[in-house]
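Working notes for the structure below.
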Amino acid sequence: MATKTSGTTGMLGSYNSNSLPQREIIESSTSLMKNAMKNLNIRPGRCPVLIADFGSSHGSNSMHAMKTIISYIQEFKKTDQQFLSVHIDLPTNNWTSFFDTSNEQDKKIFFSLATGQSFYKQCLPPNCLTVGYSSGSIHWLSQKPCNITNHCISTFAKGAELQAFQKQARDDYRNFLENRSRELIQGGILILVMNCFNDEGITMTESVYHNLYKCAKSILSPNVELPNYTLPVYIRSYDECVDKELFHQNSFEVIHSNMSAVDFKFYEQLKNNEMELKEFSEKQTEFIRCATDSVLRGVLESTGKRSKEDIDQLSNKFWKLYKEHVQQNPDEFDIKCYQTYVVLKKL
Ligand SMILES: C[S@@+](CC[C@H](N)C(=O)[O-])C[C@H]1O[C@@H](n2cnc3c(N)ncnc32)[C@H](O)[C@@H]1O
């Protein structure tokens, strides 16, 4: 049975310490933003130029990305128009953290609004968005179409289970593009930075997923909870990210696309003796805990038989095991993350 992800991914923004790897991903798209803004057509007028981030989490990376885009528009379009930045994430996002960050901004130069809803739906009125951006978010599906046998992520799924995830990912991508196409003005730009696997089928984060599943096998009941521990995630191939048919159907012209691996740098710091093994294993664990703990908790809650204390305890035990494995096998955690970068222009 399909399970909605709202409520499961919502805790993703709870720990601000997850900013680091995500910030690396945003930084890796800076030159792309710059070139994309040269291609932008803005609509002159008295109203602010609307820009939006889809999957804004705790906000600090999101606001950084939006400010970068604004500075490039100002540089290349020589406009004195105001900007309004809209940040979209699930209702269950850590909005307290988001508003803490947004309230620290200088309101004379950066205006922002937030909306708590799925980006697979229409989020803005038609024909009003000038630039849309999303990074590290749309591999989270609107729902998991089925559970995966013998693993926790569709990267290792086979046969009908893999096909079900591929279909869900394509349907979600279609909905995402349809809605962005509706919202964007003619000549507007959509920049997408999407987790992907390379030509050999490698994501470079396999050790993370294997470790998650190993811990799940130690903690969860084998017949009910373990099969249910399936992340509502699909990591796409490059061709699935650069789906020309979907782009064409939604009136998008491809301005740019490429794939490259983003290095999270923790391993490099460990090898250069800039980080202790203890800190390395803590950072590796904190990052992935932030991204996936809510899925674990969802599974523990689903039987209705575990108390809150029990769930807290099991979650802590899970992440202790995860950290110990990283500490004992640091060389498995030289993690990079393949990304596909796409710039689309609305025709
Ligand atoms: C890994 S975080 C990336 C956040 C941000 N782009 C950054 O760089 O810090 C993914 C975000 O996507 C959000 N997300 C996942 N599915 C979503 C959906 N259907 N609609 C809106 N946001 C969603 C999650 O809540 C989370 O905040």
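Out of LYS271, LYS265, LYS283, which single residue is over 26 Å from ILE219 (Cβ atoms), open to solvent by 50 Å² or more (accessible area, probe 1.4 Å), within 19 Å of the chain's Cα centre (by Cα) and not hydrophobic (A, V, I, L, M, F, W, C)? Even if it seems obvious, please write down each step before you answer.
Numbers: LYS271 fails: within 19 Å of the chain's Cα centre (by Cα); LYS283 fails: over 26 Å from ILE219 (Cβ atoms).
None of the others qualify; the one that does is LYS265.
LYS108 - would you say it is away from the ligand (no atom under 11 Å from the Cβ), out of contact with any strand residue (DSSP E or B) (no Cβ under 8 Å at 6 or more places or on another chain) and assigned to a loop (DSSP other than H, G, I, E, B)? So LYS108 fits the description; yes.
Considering only the range 87-104, I want to know if a residue exists there that is in a loop (DSSP other than H, G, I, E, B), surrounded by fewer than 21 Cβ atoms within 10 Å (Cβ to Cβ) and away from the ligand (no atom under 14 Å from the Cβ). Outline the logic, then answer.
Taking the range 87-104 and keeping what is in a loop (DSSP other than H, G, I, E, B), we get 90-94, 104.
Still in the list and also surrounded by fewer than 21 Cβ atoms within 10 Å (Cβ to Cβ): 91-92, 94, 104.
Subset that is away from the ligand (no atom under 14 Å from the Cβ): 104.
The answer is yes; a qualifying residue exists.
Take the conditions (1) over 20 Å from ILE148 (Cα atoms); (2) surrounded by fewer than 22 Cβ atoms within 10 Å (Cβ to Cβ); ASN228 misses just one of them, which is (1). With respect to the stated conditions, ILE202 fails to be buried (at least 22 other Cβ atoms within 10 Å of the Cβ) and either touching a strand residue (DSSP E or B) at 6+ places or on another chain (Cβ under 6 Å) or of a type in the set (A, V, I, L, M, F, W, C) (or both). Within the range 220-270, the residues that satisfy the criterion of being of a type in the set (A, V, I, L, M, F, W, C), outside any strand (DSSP E or B) and in contact with a strand residue (DSSP E or B) (Cβ under 9 Å, 6 or more places away or on another chain) are LEU231, ILE235, CYS241, VAL242, LEU246, PHE247, PHE264. Residue selection: ILE153 fails the criterion of being closer than 12 Å to PHE54 by Cα and either among the aliphatic types (A, V, I, L, M) or touching a Cys at 6+ places or on another chain (Cβ under 6 Å) (or both).
Of all the criteria given as (1) touching a helix residue (DSSP H, G or I) at 6+ places or on another chain (Cβ under 8 Å); (2) in a helix (DSSP H, G or I); (3) among the aromatic types (Phe, Trp, Tyr), the one not satisfied by PHE119 is (2).
The values are calculated or read from the model by the stated rules, or taken from the named source; none is laboratory data. In this text the structure is predicted, and so the values were computed from the model without any measurement. Cβ coordinates were reconstructed from backbone atoms using ideal geometry, including for glycine residues, and neighbour counts include every protein chain displayed. The protein model used for the area step is the full one, side chains on, heavy atoms only, and it has no ligands, DNA or RNA in it. Shrake-Rupley method; radii C 1.70, N 1.55, O 1.52, S 1.80 Å.
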